[in-house]
Amino acid sequence: MKIAILTGAGVSAESGLGTFRDKDGLWTRYDLNEVATPEGFARNPALVHDFYNARRANCAGATPNAAHTALAQLAQSAHEVTLITQNVDDLHARAGSPDVIHMHGQLMRALCAVCAARWDAPLKMDPADACPSCGQAATRPDIVWFGEVPYAMDTIMDAVGTADLFVAIGTSAEVYPAAGLVELAKGQTLEINLEPSARANAFDDHLFGPATKVVPAWVATLC
Ligand code: BJW
């Protein structure tokens, strides 16, 4: 079976990485316009680097949980799995999932705003860092901010549109275009979340509960 999976912050919540819109989520403590837009970065790059430096440190100290591990097991099965994540952490890859599509970029990668070179980010980035390719001090986290186009959209839309099963796990469905992917699905659709998301009505089936319990149980039905 061809399976396209979209994950969000809820899949990493039980690894200790904060979600965005839950109680105590990141957007209750930070102004997203200041830390997750190109305009905010232009106004105050040090503030934005501090925000992502702290999240990079949290990510480095986190470990994949049972949901990440189960999804990696599914990728080893006879099913053809495409794993798309909105998460900028690297926990899917560290659990063993191959070829993860990071539609909102990666904390552990850096991007030059001048020449578009990409490289492994140091744990701590600074506005004065020079790009290793062009030498300009214009380096930023390789993150897709509001108003920027998410990565690999053609690959993602093709995977979702041709899948027998589309599954969204641990995402509030508040952010587009990820939230609209369910509309492209022609096969069965399944939402796995703690509670119904903003687009819950668009899904055929639902499994509610913590990802570390529900995802391994669901994967066990397929492998
Ligand atoms: C659990 C759990 C557990 C908890 N087990 N579950 C008006 C209408 C429509 C669209 C727009 C609009 N105005 C502007 C837009 C576009 C905008 C947008 O969508 N804005 C909305 C806020 C309205 N989108 C963009 O700008 C995007 N770009 C774009 O549209 O370009 C145009 C274009 C697209 C395509 C083709 C051509 C052109 C870019 C969006 C970039 C998003 N960036 C962020 C931050 C950067 C990354 C980072 O710093 O980490 O990405 S925002 C933030 O939200 C982050 C996430 O990836 C993203 C989604 O959040 P997610 O993962 O859903 O987390 P939460 O916290 O919202 O939800 C957690 C869920 O988990 C909850 O449901 C819990 O119940 C659940 N949960 N614990 C299971 N243990």
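The values are calculated or read from the model by the stated rules, or taken from the named source; none is laboratory data. These figures come from a predicted structure and were not determined experimentally. So basically every Cβ, Gly included, is an ideal-geometry build from the backbone, and we count neighbours across all protein chains shown. Ligands, DNA and RNA are excluded from the accessible area calculation, which covers all protein heavy atoms including side chains. Shrake-Rupley method; radii C 1.70, N 1.55, O 1.52, S 1.80 Å.
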**Asked** What number comes out for the charge environment of P177, summing +1 per Lys or Arg and -1 per Asp or Glu over other residues with Cβ under 15 Å away?
**Response** -4
**Item:** Residue-normalised accessible area of the stretch 106-223, given per residue in Å² at a 1.4 Å probe
**Value:** 49
**Segment K2-E80, length gained on full extension (0.36 nm per residue, minus Cα span)** = 27.6 nm
**Asked** Could you give me the ³J(HN,Hα) list for the stretch 53-66, computed from phi with Karplus coefficients 6.51, -1.76, 1.60 and θ = phi - 60°, whole Hz, x at Gly and Pro?
**Response** 4, 5, 5, 5, 5, 4, 5, 4, x, 8, 10, x, 9, 5
**Item:** Unmatched cysteines, the chain - criterion: no other Cβ of a Cys under 4.7 angstrom
**Value:** C59, C223
**Message:** Students often forget the sequence filter, so: which lysines lie under 25 Å Cα-Cα from K2 once same-chain residues fewer than 8 apart are removed?
**Reply:** K186, K213
**Message:** Need one number for the stretch 105-223: average projected area of the convex hull over its C-alpha atoms, nm².
**Reply:** 9.4
**Complete:** Sites removed, the longest contiguous part of the chain containing no DSSP-loop GluC sites (Glu not before Pro) with at most 15 other Cβ within 10 Å is 1-147
**Item:** Share antiparallel - DSSP beta bridges, the chain, percent rounded to 5
**Value:** 25
**Request:** In a Gaussian network model over the chain where Cα atoms closer than 10 Å are linked, find which of A36, A178, A117 has the largest mean-square fluctuation.
**Result:** A117
**Item:** For the chain, the Rg and Dmax computed from alpha carbons only, in angstrom
**Value:** 17.4, 52
**Message:** Using the Kirkwood formula on the Cα atoms of the stretch 1-108, what hydrodynamic radius do you get, in angstrom to one decimal?
**Reply:** 14.8
**Request:** Please give the contour-minus-distance gain from D22 to A128: 0.36 nm per residue of separation, less the Cα-Cα distance, rounded to one decimal in nm.
**Result:** 34.8 nm
**Fill in**
Per GNM of the chain with C-alpha springs under 10 angstrom, the most fluctuating residue out of A78, A159, A121 is A78
**Asked** Roughly to the nearest percent, how much of the accessible area of the stretch 1-146 is carbon and sulfur, given a 1.4 Å probe?
**Response** 50
**Fill in**
Rounded to the nearest 10 Å², the accessible area of Y176 using a 1.4 Å probe with every protein chain kept is 140
**Prompt:** Full extension from A198 to A138: what is 0.36 nm times the residue separation minus their Cα-Cα distance, to one decimal in nm?
**Reply:** 17.9 nm
**Fill in**
Square roots of five times the C-alpha gyration tensor eigenvalues of the stretch 94-134, ordered largest first and given in whole Å, equal 23, 12, 8
